[in-house]
1. Would you confirm whether any residue within region 77-99 is within 16 Å of the ligand (Cβ to nearest atom), part of a strand (DSSP E or B) and touching a His at 6+ places or on another chain (Cβ under 8 Å)?
2. For region 103-117, check the following and say yes or no: at least one residue is within 16 Å of the ligand (Cβ to nearest atom), in contact with a His (Cβ under 9 Å, 6 or more places away or on another chain) and part of a strand (DSSP E or B).
3. Would you mind finding the one in P60, P79 that is under 18 Å from G168 (Cα atoms), out of contact with any Gly (no Cβ under 6 Å at 6 or more places or on another chain) and surrounded by fewer than 14 Cβ atoms within 10 Å (Cβ to Cβ)?
4. For region 57-72, which positions are farther than 17 Å from A164 by Cβ and out of contact with any strand residue (DSSP E or B) (no Cβ under 6 Å at 6 or more places or on another chain)?
5. Checking the conditions here, which among G168, G153 is outside any loop (DSSP other than H, G, I, E, B), farther than 23 Å from L57 by Cα, of a type in the set (G, A, S) and touching a residue at least 60 places away in the same chain (Cβ under 8 Å)?
6. I need the full set of residues from region 137-150 which are buried (at least 20 other Cβ atoms within 10 Å of the Cβ) and free of Cβ contacts under 8 Å to residues at least 60 places away in the same chain, in order please.
7. Restricting attention to region 118-131, and to residues there that are under 12 Å from Q93 (Cα atoms) and among the aliphatic types (A, V, I, L, M), which single residue is surrounded by the most Cβ atoms within 10 Å (Cβ to Cβ)?
8. Limited to region 119-137, what total is found for residues that are more than 12 Å from the chain's Cα centre (by Cα) and of a type in the set (G, A, S)?
Amino acid sequence: MKIHKYLDQIVITSVNFPTTAWLQILRRNYVILTLLLSLNFIAATPAMAANLSGDFLKQPATEITVSLGNSANELKFEPNHLELLVGKRYELQLTNPSQLKHYFTAKDFADGIWTQKVQAGKVEIKGAIHELELKPGAEAEWVFVPLKSGTYGLRCPIPGHTEAGMTGEIAIKN
Ligand SMILES: [Cu+2]
């Protein structure tokens, strides 16, 4: 398990936390990564997911790093095109080396994959994830297996960022 020493707290939105738990989390002043989770869990049934995890967890994950912005604060994903294969296990390392907040938003892509986990600091999140928010200096690791071929759009929806070219494409092939 990778633990980034400067990433020890995250906030999960859209999950029903008791209010007090929320307040405790929000009081931490070094929250640097927010994961926005959707509660629409993936189309795969629990039985499918169990099978998938049994079969797919055995294969080593292919590591891919995508940088959200860069140290020159250019508004782009690097790389901005990913090619993935159905049935392979991937470990997507997301980093934000810029001084700006960015999102990794890939709504349809999230419906075409099975997410094993998203890990940020000491917290692991399970379930379908459509959008990740990375504050400056944040890192997150997304482990998944593509299930459906297709070409999926990627963008950072922060006002002005998509328009400036902070977009990308994720191609899943059979
Ligand atoms: Cu951005």
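1. no
2. Yes, because at least one residue in region 103-117 is within 16 Å of the ligand (Cβ to nearest atom), in contact with a His (Cβ under 9 Å, 6 or more places away or on another chain) and part of a strand (DSSP E or B).
3. Answer to the selection: P79.
4. L57, K58, Q59, P60
5. The match here is G168.
6. Result: W142, F144.
7. Among those that are under 12 Å from Q93 (Cα atoms) and among the aliphatic types (A, V, I, L, M), it is A120.
8. Qualifying residue count, region 119-137: 2.
No value in this document is a laboratory result; all are computed from the given coordinates. Note that the structure is a prediction, hence the values are computed from the model and not measured. Glycine also receives a Cβ, built like all others from the backbone with ideal geometry; neighbour counts cover every protein chain displayed.
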